[in-house]
1. Tally up the carbon and sulfur contribution to the accessible surface of the chain as a whole percent, 1.4 Å probe, everything protein left in place.
2. Where only protein heavy atoms count, and the probe is 1.4 Å, what is the accessible area per residue for the chain in Å²?
3. Ranked by accessible surface with a 1.4 Å probe, highest first, in what order do Tyr24, Tyr40 come?
Amino acid sequence: MSAPAPNVVLLGGPMPLADQCTRYVDDTESTLKLLVGNAYEHFQPTGEFTEHQGQHLRVFQWIRRTYVAE
């Protein structure tokens with residue numbers, strides 16, 4: 001079974017990922033909380049869309065980082 005096609009693009013943030021990252025998310029209306037190392041990067045959906053490699057993607061903008069509690 002193949003992975004679903006990306007439906008969002010993540011922009012911004014001090015992440016150790018590319019400046020622009022595409023991925024699939026189940027809920028494109030809610031804030032995305034992505035575990036990266038020992039922190040969560042939070043991305044908020046915007047009203048913007050973009051075309052990337054022939055796909056229509058919703059733009060999510062980085063809003064903050066929180067750290068994993070020990």
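1. On the way: 2350 of 4780 Å².
Solvent-exposed carbon and sulfur of the chain make up 49 percent of the total.
2. On the way: 4780 Å² over 70 residues.
So the chain comes to 68 Å² accessible per residue, rounded to a whole number.
3. Values: Tyr24 100, Tyr40 65 Å².
Highest to lowest solvent-accessible surface, that is Tyr24, Tyr40.
The values are calculated or read from the model by the stated rules, or taken from the named source; none is laboratory data. Everything numeric here is computed off the predicted structure, so don't read it as measured data. The protein model used for the area step is the full one, side chains on, heavy atoms only, and it has no ligands, DNA or RNA in it. Shrake-Rupley method; radii C 1.70, N 1.55, O 1.52, S 1.80 Å.
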